[in-house]
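> Structure in structure tokens, see below.
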Amino acid sequence: MADKQFIMAIATLVGTIIGAGVLGIPYAISKSGFIPGMIILVILGFAVLILNLCVGEVALRTKGRHQLPGYAEKYLGKWGKHVMSFSIIFAIYGALIAYFIGSGNVLADIFNLGNWSFLFLGLEISASLMFSICFFVILSTLIYFGLKSVGNTEIVFGAIMLIIIFIIIVWGFFHLDSGNLTSYNKTQLFFPYGVILFAFVGAAAIPEMKSICSNNKKLIKKAIIIGSAIPLVVYALFALVVVGATGTSTGQIATTTLGNVVGGKIMELLGNLFAIFSMSTSFLALGLALLWVYDLDLHRTRNVAFALTVSVPFLIGILGVTSFIQALAITGGVAGGIEGILIILMFWKAKKLGDRKPEYSINISKVLGILLMVMFVLGILYQFF
């Protein structure tokens, strides 16, 4: 039983972290150069590991079941709850916008209609936007009717995505060009920050890990370490293969250009199907989560909650942001940074105010905590300036 709980806990964290954000990492790293990008990847990977361990200890120091806003309210007060809730809602909206944009680009590439345009309600729109609208309508309909299988099959979906990534990594290793790994752009050294932080965020899964390991909470620390390390290794290998194979030609959605370089039509189709699969499952899971926030936590009617969930990404996707990477970077840099700062603050408070003895305890010095918070503040400012 303990082994099953342990594996389930790891799978829950890995499944929450690894999603469609992985598709943007190679492009972001290619903009800065492989070596600077990998340094940022490793630094953020370890920073998020520390944050995840902090959340785990906070959860273990607290009686009852809570999510991040609940912990923030308990240890930081009402303002903590409001700011944490804002960061979560902001993050979900940003992700939905990114998937709205990215899905259209991928589907247009699959059907080789990237340069086409169509008439829609009397307006001429690109093929990618038309596909984005179709993607949005189908998945929003599933969200409205509350597709229940998303949560129940999350681990299966995560396993399938890992298998596809593994195939891409193994195949791509035979097409590496070391020349693509040595160049760098000193004007874009910090470009990957927001995209990578977006891809690492997954602390919301840790309270669920506490529930999974309810019979043996001593498993949680090890599960968090392994569950945080697996995405770091996967992202590093995926970036190595894609950037090493495609270099400066790396697309904003990595799989759209990888097939042209390393495997012809079969690999191109596999990569694009992976992109659509990961964006679809992420869109459904996040859309449902936001719907429940408005419905259950903010006490809006079902129809109002649905309208609030889907209208923002739809309108911004059509009228505002048009870059998949831009949406990921802003979302990761801002929402991820705010969440990171709050986690450190409530971790320190929980050390003093927690209402139970935790199964593990870590020491985060004031110096390290302040350095992490400064990094997150600078990351937020970088996205705007």
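> Please list, ordered by chain and number, the residues whose modelled amide H lies under 5 Å from the amide H of G33; skip anything fewer than 5 residues away on the same chain.
For G33, whose amide H was placed from the backbone, the distant partners under 5 Å are N185.
> So what are the ³J(HN,Hα) numbers for the stretch 349-361, from phi and the Karplus equation (6.51, -1.76, 1.60; θ = phi - 60°), rounded to whole Hz, Gly and Pro as x?
5, 5, 4, 9, 10, x, 10, 8, 7, x, 6, 8, 9
> Let me ask something additional. What whole-number value in cubic angstrom gives the convex hull volume per residue for the C-alpha atoms of the chain?
So the per-residue Cα hull volume is 139 Å³.
> Tally Lys/Arg at +1 and Asp/Glu at -1 over every other residue whose Cβ is under 12 Å from the Cβ of K221; what's the total?
+2
> Under 13 Å from the Cα of K218, which aspartates and glutamates turn up, not counting those fewer than eight places away in the same chain?
Within the straight-line cut-off, K218 pairs with D3, E57, E359.
> If I stretch the segment between V170 and S311 completely, what's the gain in nm (0.36 nm per residue apart, minus their alpha carbon distance), one decimal?
Full extension of this stretch gives 46.7 nm more.
> In addition: Can you return the lysines within cross-link range of K186? Criterion is Cα-Cα under 17 Å, with same-chain partners fewer than 8 residues away left out.
Cross-link targets: K31.
> For R300, what residues show an amide H to amide H distance below 5 Å, using hydrogens built from the backbone and excluding near sequence neighbours?
D295
> Measure nothing but the geometry: give the 0 to 90° angle between the long axis through the Cα atoms of 264-292 and the longest principal axis through the Cα atoms of the chain, rounded to 10°.
The answer is roughly 40 degrees.
> Also, I was wondering about something else. What ³J(HN,Hα) values, in whole Hz, does the Karplus curve 6.51 cos²θ - 1.76 cosθ + 1.60 give for the stretch 168-173 when θ = phi - 60°, with x put for Gly and Pro?
Each residue of the stretch 168-173 in turn: 4, 5, 4, 5, x, 4 Hz.
> When the dipole is taken about the Cα centre of the chain, and only Lys, Arg (+1) and Asp, Glu (-1) are charged at their Cβ, what size is it in debye, to the nearest 20?
In debye, rounded to 20, the chain gives about 1540.
> How long are the semi-axes of the equivalent ellipsoid of the stretch 211-349, defined as square roots of 5 times the Cα gyration tensor eigenvalues? Whole Å, largest first.
After diagonalising the Cα gyration tensor, the semi-axes are 31, 25, 16 Å.
> Tell me which trypsin sites (Lys or Arg not before Pro) from the stretch 352-385 have a DSSP coil assignment and no more than 13 other beta carbons within 10 Å of their own.
Listed in order of number, the matching sites are R356.
> How high is the relative contact order of the chain? Use alpha-carbon pairs under 8 Å, at least six apart in sequence, and give a whole percent.
Relative contact order of the chain: 37 percent.
> Which ³J(HN,Hα) values, rounded to whole Hz and listed in residue order, are derived for the stretch 213-225 from phi using the Karplus coefficients 6.51, -1.76 and 1.60 in 6.51 cos²θ - 1.76 cosθ + 1.60 with θ = phi - 60°, glycine and proline given as x?
9, 4, 7, 8, 5, 5, 6, 5, 4, 5, 5, 5, 4
> Another question, then. Return the lysines within reach of K221: Cα separation strictly under 19 angstrom, same-chain partners fewer than 8 residues apart disregarded; answer none if there are no such residues.
Answer for K221, where 19 Å is the Cα cut-off: K4, K63, K210, K351, K357, listed by chain and number.
All of the numbers you see were taken from the coordinates with simple rules; none came from a lab. None of the values given here were measured: they were computed from a predicted structure. Backbone-built Cβ (ideal geometry, glycine too); neighbour counts: all protein chains shown.
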